[in-house]
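The values are calculated or read from the model by the stated rules, or taken from the named source; none is laboratory data. In this text the structure is predicted, and so the values were computed from the model without any measurement. Accessible surface areas use protein heavy atoms only, side chains included; no ligands, DNA or RNA. Shrake-Rupley method; radii C 1.70, N 1.55, O 1.52, S 1.80 Å.
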Amino acid sequence: MTFFRRTLAAGAALLLCMGVAQAQMPPLPQAVRDAGLLRAGVRCDQPPYGYRGSDGGFAGIETDMARQMAAWAFGSADRIELQCVTADNRIPQLNARRVDLLIATLGVTPERARVIDFSDAYRWGGSDLLVRRDSPIRTLDDVRNRTVIMLRGTTQALWFDANMPGLSAMRLNTASDALQALLQGRGEAYAHDAATLIVIAARDPSLRLVGEPFAVSDAAVGVRKNEPEWMAWINAALARMKAEGLYTQWLERHVAPEIRAPYTAAFNEPRPAAR
């Protein structure tokens, strides 16, 4: 086969794959269509998933996911209203109908599944501890008699409540507040998504990760209860993102090559076992 024919064949295969993906997209729910735009809750303090870019605008992998959904729904990635949410207020914002979906580092847990519905998982996320480089903390069990900083409403907070009751926990609202508390010595470890802590540690040589994963869970899009048409559309959009290789593009855009490997694994490899 000549190079020209191989190129045509590859192009035809790509178009066929894209055509199949598009054909599988179900109808957009009438309520969303009537709104004329997508209202999405995203994180603004969780690089690389959701953060403020150098221009102050919304950025991140999950932000790109939301914009792509808007493009498929309305023909333009600009037909979107993005709202910053925190770990503590994201589910109340969804159920109060201030947003129509959450793409906000949302781990799937039984407690959350009682009040919202989850899409198919699009990645998994593990947790870790961030400590000062000279800290004596080497394992997860080393924090039992120390103060651990964490965010309200997170998977990590739920895990420590269940597995280390009575732990001295400092619960804050934002990742920036938590990092500041660690740097000021108000707590001895900061528990959060490993993906976020990797970025922080790469920027600050005075800090390190403990490296013992815990509270590993799937991450999914959050939707209000009993919205099956909307859920079907979102699941189809997530499947199309994977089929078209968009996660790889977004990882290359938002994650430096030297720390990209664990993020790539989270989107493409099976969820590992952990405490």
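Okay, here's what the table says:
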{"item": "Ranked order, ARG79, ARG133, ARG112, ARG260 - accessible area, probe 1.4 Å, largest first", "result": "ARG133, ARG79, ARG260, ARG112"}
{"item": "Residues whose placed amide H lies under 5 Å from that of VAL85, excluding near-sequence neighbours", "result": "VAL42, ARG43, CYS44"}
{"item": "Segment 116-185 - percent of accessible surface contributed by carbon and sulfur, probe 1.4 Å", "result": "43"}
{"item": "For the chain: relative contact order, % (alpha-carbon pairs under 8 angstrom, 6 or more apart)", "result": "25"}
{"item": "Residues whose placed amide H lies under 5 Å from that of ILE80, excluding near-sequence neighbours", "result": "LEU38"}
{"item": "Segment 22-96, relative contact order [Cα under 8 Å, separation at least 6], %", "result": "31"}
{"item": "Residues whose placed amide H lies under 5 Å from that of LEU207, excluding near-sequence neighbours", "result": "ARG133"}
{"item": "Karplus-derived 3J(HN,Hα), 6.51/-1.76/1.60, for each residue of segment 142-151, Hz, glycine and proline x", "result": "5, 9, 4, 10, 10, 8, 10, 8, 8, 9"}
{"item": "At least 24 Å along the helix axis (C-alpha) and Kyte average at least -1.0, DSSP helices within the chain", "result": "3-23"}
